[in-house]
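Below is one structure, written out as structure tokens; comments come after it.
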Amino acid sequence: MSDTLTSEKPAAAKVAQVTMLQAINQAIADAMEADEHVVVLGEDVADPEEGGVVGVTKGLSGRFGEKRVRSTPIAEQAIIGAAIGASLVGYKPVAEIMLMNFTTVAMDMIVNHAAKLRFMSGGQTHVPIVIRTMTGTGFSSGGQHCDYLEAWFAHTAGMKVVAPSNPADAYGLMRAAINDPDPVLYIENMPSYWMKGDSFDAGHIVPLGKAAVAKEGADVTIVSYSRTLNEALGAVKAMEAAGVSAEIIDLRTISPWDEDTVLASAAKTGRLLIAHEAVEKHGMGAEIAAVASTKLFGKLKAPVARLGAPYAPVPFSKPLEDAFAPNAKRIAEAAISLCK
């Protein structure tokens with residue numbers, strides 16, 4: 001029989017897969033290609049072979065030159081100070097602070113300058129900088145290298161904070177962050193760098209402040225972001241085996257967070273669980289819980305629940321570190337308990 005008459009369906013085309021690391025690299029490269037005012041600075045970022053400690057900026061200096069991709073001394077305050085100064089004269093700097101704990105060295109520049117200059121100038125100037133930083137447990141890096149400190153910066157007026165959970169969002173949020181007129185803290189999860197996901201179109205934008213429904217469900221809403229969002233998705237089978245249908249919301253942007261999407265989902269399911277890798281006390285979960293408890297008063301079937309790390313530094317010991325961060329098992333147990 002002729003090929004044109006065969007009843008067999010052609011094989012589906014394979015969807016290209018990209019890693020989180022590749023997605024972030026591509027987002028920065030595309031932004032630099034589109035706008036000559038986008039520049040990159042940070043420790044070792046201009047290394048043509050390495051491109052930083054994990055290779056996020058690999059190849060950028062060779063493509064765009066070291067005037068636009070500049071390695072700096074080990075001086076976090078100077079990195080952010082230079083980025084702020086450049087932004088005030090028309091550039092869009094993407095500044096890397098290698099590890100999130102090291103933002104402490106540059107807190108004055110971030111909190112008292114980057115976040116406040118637009119307000120202090122009466123709106124006459126903007127500070128369009130992106131501060132890239134990585135963190136997260138999984139490599140036994142110890143208590144001074146793995147903290148999730150997003151609540152510090154979400155609490156700071158003038159800052160925006162994002163934390164992608166998959167490659168497509170990593171690309172889209174980076175493009176949106178670079179285009180934003182305000183300073184954006186862009187949090188990358190270390191163990192997720194090599195996580196693969198479907199490819200995306202060049203120019204793909206994920207609006208800041210807009211959450212995504214990662215999975216629809218009926219019994220409980222689970223809100224999370226970054227790697228913990230993927231742990232929540234990994235808990236689905238255990239929850240379904242217990243008869244629990246979970247709706248999972250990927251916050252994507254921590255500040256401003258998408259109240260409308262979260263509250264609509266919680267109102268539908270009647271139960272809300274917020275899970276994050278950061279320490280539970282005084283964390284982002286507390287903010288969401290407070291808003292939901294106030295605005296959905298009388299509509300929820302159970303008290304809002306939170307699941308985060310214990311009130312302690314991140315342990316170096318691998319068994320202790322594994323017990324420190326919320327995982328799929330603990331998320332499933334919390335959700336099932338909430339539904340009983």
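The values are calculated or read from the model by the stated rules, or taken from the named source; none is laboratory data. In this text the structure is predicted, and so the values were computed from the model without any measurement. Positions of Cβ are generated from backbone atoms using ideal geometry, with glycine treated the same way; all protein chains shown enter the neighbour counts. When the accessible area is computed, the model is the full protein with side chains, heavy atoms only, and any ligands, DNA or RNA have been set aside. Shrake-Rupley method; radii C 1.70, N 1.55, O 1.52, S 1.80 Å.
Summary table below
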read-out	value
Label-to-label distance, nm, for residues given as Lys196 and Ala157 (7 Å Cα→Cβ offset)	4.8
Label-to-label distance, nm, for residues given as Glu33 and Ser121 (7 Å Cα→Cβ offset)	3.1
With every protein chain in place, region 126-281: carbon and sulfur % of accessible area (1.4 Å)	51
Heavy-atom surface of region 25-130, accessible at 1.4 Å and reported per residue (Å²)	46
Residues of region 97-129 with amide N under 19 Å of a point placed 7 Å along Cα→Cβ from Leu88	106-129
Surrounding net charge for Met134, when Lys and Arg each add one and Asp and Glu each subtract one, Cβ distance under 10 Å	-1
Cβ-based net charge around Ser71, under 9 Å, with every Lys or Arg adding one and every Asp or Glu removing one	-3
Nearest-0.05 FRET efficiency for Lys329 and Thr19, computed from C-beta distance (R0 25 Å)	0.45
Cα-projected label distance for Asn112 with Ile205, points at 7 Å along beta-carbon direction, nm	3.5
Options (1) 6, 25, 32, 22, 10, 3, 1, 0; (2) 5, 18, 25, 23, 15, 8, 4, 2, 0, 0; (3) 5, 24, 32, 26, 12, 1 - which one matches P(r) over Cα pairs in 10 Å bins from 0, in percent as calculated here	(1)
Long-range HN-HN contacts of Asp147 with modeled amide H, under 5 Å	Asn101, Gly136
Heavy-atom surface of region 225-272, accessible at 1.4 Å and reported per residue (Å²)	33
Förster-model FRET efficiency, 51 Å R0, Glu50 and Ala264, C-beta, rounded to 0.05	0.70
Filtered trypsin sites (Lys or Arg not before Pro), region 44-129: DSSP coil and at most 14 other beta carbons within 10 Å	Lys67
Environment charge of Val53, counting only residues whose C-beta is closer than 12 Å and scoring Lys/Arg +1, Asp/Glu -1	-4
Pairwise centroid distance, computed over Cα atoms, of region 260-335 with region 162-195, Å	22
Region 170-220, accessible area per residue, ligands and nucleic acids excluded (1.4 Å, Å²)	38
